Amino acid sequence: MVSETALIDDMTTPTPEVVEAVRQLDGPILLLGVSGKMGPTLAELLVRAGAQQVVGVARFTDAEKRRYLESVGVQTIACDLLADEALKELPDAPNVLFLAGFKFGATGNEDATWAMNAALPGAVMVRYAQSRIVYVSSGNVYAYAEAPGPGSTEDGDLGPVGEYAQSRLGGERVAQYASRVRGTPLVIVRLFYATEPRYGIIRDLADKVWQQEPIDLTMGYVNQIWQGDANAYLCRFFPLCDSPADVINLTGPDTLSVRELAEQLGKIMGKTPLFTGTEAPDALLGDSRRLCAEFGRPRVGPEQMLRTVAEWVMADGLSLDKPTKYESRSGQF
């Protein structure tokens, strides 16, 4: 098993394409919601790629995470983005990565979900009307697509299930409106399932295979993208910012069978997976053909992800303890 230090080093080592993309960015890069699952490695990647200045904003309820970010060269600002006047007190920045969102715990906290996912994007668009904004939304805004199949393209049918997904679409619409009427360059990134050994669908499956817990097959097909690859793409998306806003799917190119993923994990781990249910005829899937055509295929494929995560789980590697709940077809998280 690789160590956590080696894992982070791998995910934050910039490719030549990332270095070149960051070289072309003038001025600071501001990350709103930097303390989530992807933010810390994304911020460190930008620093290592040579960004002029990287500023990370979050509430920082985890003081250790803030100390780590500062140790790798990220300037941090503690801020509740929903607080009155909070955005006004933040520094100007020509390049904004808007990562903040509320998913886990959304069920039962619907008002906070809508405030974070639907109201905040509009406020960010007003505050940073003169900036280029890369806004990370969610593939959950799409209607379920035929499975197995290529998934939803960027102009595919929308059909958000549950209030989390609905609030995400609400945020997109508010941001699109602001981009159009104010001329703010914006790209909306619909992310499907970034994964790494501490978090993600493959981690969820590996835990169940290892602990001999049944795996629900109803949501029978998924996409996966290595978190390091997802971050590398985000660094390169600023040229897509436009008015009216552009939209791009961010996920891996393969439609993956949950059953087959679990069976492959079982072979590596020496376990026989347990299953319940049967595959539904549709699933939440994204088509990444545009991403791969314009930016190239991801560096890490499914086989490498499976082996890395399996070895991590067998060695009792750290978990973020945030199950993805990918199997939910009710939209409850």
Using a 10 Å cut-off around each Cβ, can you sort Phe275, Phe333 from fewest to most neighbouring Cβ atoms? Phe275, Phe333
Between Gln211 and Asp10, the FRET efficiency computed from the C-beta separation at R0 = 22 Å comes out, to the nearest 0.05, as 0.25
Charge tally for neighbours of Lys325 with beta carbon under 11 Å away, counting Lys, Arg as +1 and Asp, Glu as -1, is 0
Honestly region 258-333 on the Cα gyration tensor test (a ≥ b ≥ c root eigenvalues; a/c under 1.5 rounded, otherwise a/b vs b/c for prolate or oblate) is just oblate
Extending each Cα 7 Å along its Cβ direction at Ala280 and Arg307, get the distance between those two points in nm, one decimal. 3.4
Cα-centre dipole for region 124-212 with unit charges at Cβ (Lys and Arg positive, Asp and Glu negative), debye to 20: 500
With contacts defined as alpha carbon pairs under 8 Å and 6 or more residues apart, what's the relative contact order of the chain in percent? 19
Mind telling me which of Asp287, Asp216, Asp111 comes out most flexible in a GNM of the chain, alpha-carbon contacts under 10 Å? Asp111
Please work out the Cα center distance from region 3-79 to region 116-174, rounded to the nearest Å. 24
Nearest-20 debye value, the chain charge dipole, Cβ charges on Lys, Arg, Asp, Glu: 360
Cut-off is 10 Å between beta-carbons; in what order do Tyr142, Tyr193, Tyr326 appear when sorted fewest neighbours first? Tyr326, Tyr193, Tyr142
Residues Asp254, Asp9, sorted so that the one with the fewest Cβ neighbours within 10 Å comes first: Asp9, Asp254
For Lys88, the net charge from surrounding residues (Cβ-Cβ under 14 Å; K, R +1; D, E -1) works out to -4
So how compact is region 141-245: Cα radius of gyration and Dmax in angstrom? 16.7, 54
Cross-link reach list, lysines versus Lys37, counting only Cα pairs under 17 Å and skipping chain neighbours closer than eight places: Lys65, Lys103, Lys322, Lys325
Relative to the present Cα-Cα distance, how much length would full extension add between Asp84 and Gln130 at 0.36 nm per residue of separation? 14.5 nm
I'd like the distance separating the alpha-carbon centroids of region 222-240 and region 271-289, in whole Å. 23
Would you compute, from DSSP H runs of 4+ residues alone, the mean residue ellipticity of the chain at 222 nm, taking -39500 (n - 2.57) per run and dividing by the full residue count, rounded to the nearest 500? -10500 deg cm²/dmol
Most fluctuating of Tyr233, Tyr68, Tyr164 in the GNM of the chain (C-alpha, under 10 Å) is Tyr68
Rounded to whole Hz and in sequence order, give me ³J(HN,Hα) for region 270-283 from the Karplus expression 6.51 cos²θ - 1.76 cosθ + 1.60, θ = phi - 60°, writing x for Gly and Pro. x, 10, 9, x, 9, 10, 9, x, 10, 5, 6, x, 9, 7
Asp321 versus Ala119: modelled label distance in nm, points set 7 Å from Cα along the beta carbon direction: 3.0
Amide H contacts of Val54 (H built 1.01 Å from N, under 5 Å, at least 5 apart or other chain): Ile29, Gln75
Pairing the Cα long axis of helix 162-182 with the longest principal axis of the chain, what angle in degrees results, from 0 to 90 and rounded to the nearest 10? 30
Where Rh denotes the Kirkwood radius from the mean inverse Cα pair distance, what is Rg over Rh for region 1-108? 0.98
Longest principal axis of the chain (C-alpha) makes with the long axis of helix 302-314 (C-alpha) an angle, in degrees to the nearest 10, of 80
So, over other residues within a Cβ distance under 12 Å of Val55, counting Lys, Arg +1 and Asp, Glu -1, the net charge is -2
Helix 39-48 axis, angle to the chain major axis (alpha carbon atoms, nearest 10°): 60
Could you tell me the center-to-center distance, by alpha carbons, between region 188-220 and region 293-314 in angstrom? 13
If amide hydrogens are placed 1.01 Å from N in the peptide plane, which non-local residues have theirs closer than 5 Å to the one on Asp216? Thr276
Out of Asp62, Asp246, Asp204, a Gaussian network model of the chain with alpha-carbon springs under 10 Å gives the largest mean-square fluctuation to Asp62
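Since every read-out is calculated from the coordinates, none of them should be taken as a lab result. In this text the structure is predicted, and so the values were computed from the model without any measurement. All Cβ positions, glycine included, derive from the backbone under ideal geometry; neighbour counts span all protein chains shown.
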